[in-house]
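Taking it in order: structure first as structure tokens, then the write-up.
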Amino acid sequence: MENTEKRPVVLSCIQPTSIPTLGNYLGALKNWKEMSRSNDCLYAVADLHALTVHPEPSKLRAQILEMYAILLAVGLDPEESIVFIQSHVPAHAELAWILNCYTMFGEASRMTQFKDKSQKHADNINVGLFDYPVLMAADILLYQANFVPIGADQKQHLEIARDIAERFNNLRGNTFTLPEPYIGKLGAKVMSLQDPTQKMSKSDPNPKASISILDTPDVIMKKFKSAVTDSEAVVRYGEGKDGINNLMAIYSCCTGLDFEKIESEFAGKGYGDFKVKVAEAVIEELRPVRENFDNLMKDKDYLLRTAAEGADKAARIAYRTLAKAKKKVGLLSVN
Ligand code: ATP
Ligand code: LTN
């Protein structure tokens, strides 16, 4: 019998700014793959978002294709999910303009990522950086997404996307589905290995602070061995133990063990043993990703062809929503 039940729509994107970290992987990419089994999923490389930091053009071009390969390497199946590159579907930029007119200056000014990034890049506070959440709202609303898997740092952007959708729906009639964030419990915020009070970030200048998902096993082992911990020397989850809490969360995400089991596995053992075990679990988790990536990068034609097919499938959905939104705001259609 044909299954006519509609599955929830899931959408998420990642910027091609550099190779994802273990934080991006456990906070976002791993959930993307899990969700692709029981939902209708769309995943994109957010290349338009990356323009806000003025990347060097030839470097950006290479990074967009690399990020596309990474999405397939983590296990997203382009036959099962729609995997595409944002700028290949011009509807994103077009809807973003319409949504700009339904976004208040005040609400956009409150975004903490805008405030943080303006402080960090005081020499380049461009309008794109300010408008970033509106383009992100367009990404989500075009596909009528029900759920958006993201790390905890993106929660505020999801809230503004909902607010924009709600305002538009109230003023112009029901047009957009209100999206919900999906934030995994454990990997939501993987912390820096060198300063566990800060999130692990791919733009951290200290290479020891973050694990790249393409790091080789010996590099991963070295980075975990030099991870900052505390002086208690007891593997337990607790206050003032940010470093160990972070390692326990990483270990739990990779092995599926809960904190109680981890505490009993390492009872009476020192941090040295624990760090080696965490590193080994991460090495095994990331090994297939690195191997798949190396293979995929050998066939650029396949990657380009698959990205073009993904964009075609995405565009069919996106243009339906865009046409509806254009009509609702009063734009004149020629057909
Ligand atoms: P940057 O650090 O350069 O600002 P980023 O590492 O935050 O970038 P993004 O492309 O902005 O990378 O994020 C991709 C996805 O990874 C988002 O869903 C984001 O919430 C998630 N993410 C980023 N950092 C972490 C982290 N440390 N822990 C968990 N999830 C994370
Ligand atoms: N802003 C996000 C990337 C992003 C995104 C999206 C995530 C762009 N568009 C749509 C979810 C849905 C980031 O920096 N992580």
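For segment 96-110, does any single residue satisfy the condition of being closer than 22 Å to LYS313 by Cα and either among the hydrophobic types (A, V, I, L, M, F, W, C) or modelled with pLDDT of 95 or more (or both)? Taking every residue of segment 96-110 in turn, at least one turns out to be closer than 22 Å to LYS313 by Cα and either among the hydrophobic types (A, V, I, L, M, F, W, C) or modelled with pLDDT of 95 or more (or both). Remark: pairs (first residue in segment 159-182, in contact (Cβ under 8 Å) with a residue 12 or more places away in the chain and aromatic (Phe, Trp, Tyr); second residue part of a helix (DSSP H, G or I) and surrounded by 19 or more Cβ atoms within 10 Å (Cβ to Cβ); Cβ separation under 6 Å; 6+ apart in sequence or on different chains) = PHE176/LEU141; PHE176/ALA165.
When we screen ALA161, ALA145 for residues that are part of a helix (DSSP H, G or I) and either away from ligand 1 (no atom under 15 Å from the Cβ) or hydrophobic (A, V, I, L, M, F, W, C) (or both), the only hit is ALA161.
The residues listed here are LEU72, LEU11, LEU76; of these, the one that is crowded, with 24+ Cβ neighbours inside 10 Å and either touching a Gly at 6+ places or on another chain (Cβ under 7 Å) or not β-branched (Val, Ile, Thr) (or both) is LEU11.
Considering segment 27-67, and only residues there that are among the hydrophobic types (A, V, I, L, M, F, W, C), away from ligand 2 (no atom under 14 Å from the Cβ) and farther than 15 Å from VAL83 by Cβ, the residue that is surrounded by the most Cβ atoms within 10 Å (Cβ to Cβ) turns out to be LEU60. Inspect segment 82-91 for any residue being modelled with pLDDT under 95 and not aliphatic (A, V, I, L, M) and give the result as yes or no. Within segment 82-91 (the criterion being modelled with pLDDT under 95 and not aliphatic (A, V, I, L, M)), the answer is no, since none of the residues qualifies.
Remark: pairs (first residue in segment 141-158, within 11 Å of ALA318 (Cα to Cα) and hydroxyl-bearing (Ser, Thr, Tyr); second residue more than 10 Å from ligand 2 (Cβ to nearest atom) and not in a loop (DSSP other than H, G, I, E, B); Cβ separation under 8 Å; 6+ apart in sequence or on different chains) = TYR143/VAL9; TYR143/ALA314; TYR143/ILE317; TYR143/ALA318; TYR143/THR321.
Among the conditions (1) surrounded by fewer than 18 Cβ atoms within 10 Å (Cβ to Cβ); (2) assigned to a loop (DSSP other than H, G, I, E, B), the only one that GLU94 does not satisfy is (2).
Screening segment 213-242 for residues that are buried (at least 17 other Cβ atoms within 10 Å of the Cβ) and part of a loop (DSSP other than H, G, I, E, B) and picking the one that is nearest to ligand 2 (Cβ to nearest atom) gives ILE213. The residue that is farthest from ligand 1 (Cβ to nearest atom), among those in segment 164-194 that are buried (at least 19 other Cβ atoms within 10 Å of the Cβ), over 18 Å from the mean Cα position of the chain (by Cα) and assigned to a helix (DSSP H, G or I), is PHE168. For segment 47-57, the condition holds for no residue, the condition being that it is aliphatic (A, V, I, L, M) and more than 16 Å from ligand 1 (Cβ to nearest atom). Residues in segment 133-153 that are surrounded by fewer than 21 Cβ atoms within 10 Å (Cβ to Cβ) and either modelled with pLDDT of 95 or more or more than 8 Å from ligand 2 (Cβ to nearest atom) (or both): 4 in all. Filtering segment 172-212 to residues that are in contact with a Gly (Cβ under 7 Å, 6 or more places away or on another chain), away from ligand 2 (no atom under 16 Å from the Cβ) and over 20 Å from VAL276 (Cα atoms) leaves nothing.
So which residues in segment 17-46 are near ligand 1 (Cβ under 8 Å from one of its atoms) and closer than 22 Å to GLU309 by Cβ? Of everything in segment 17-46, those that are near ligand 1 (Cβ under 8 Å from one of its atoms) and closer than 22 Å to GLU309 by Cβ turn out to be LEU29, ALA46.
In segment 70-82, the residues that are more than 14 Å from ALA314 (Cβ to Cβ) form Cβ pairs under 6 Å with partners that are of a type in the set (Lys, Arg) and surrounded by fewer than 20 Cβ atoms within 10 Å (Cβ to Cβ), at six or more places apart or across chains, as follows: VAL74/LYS33; GLY75/LYS33.
The values are calculated or read from the model by the stated rules, or taken from the named source; none is laboratory data. Please read all numbers here as calculations on a predicted model, not as lab measurements. Glycine also receives a Cβ, built like all others from the backbone with ideal geometry; neighbour counts cover every protein chain displayed.
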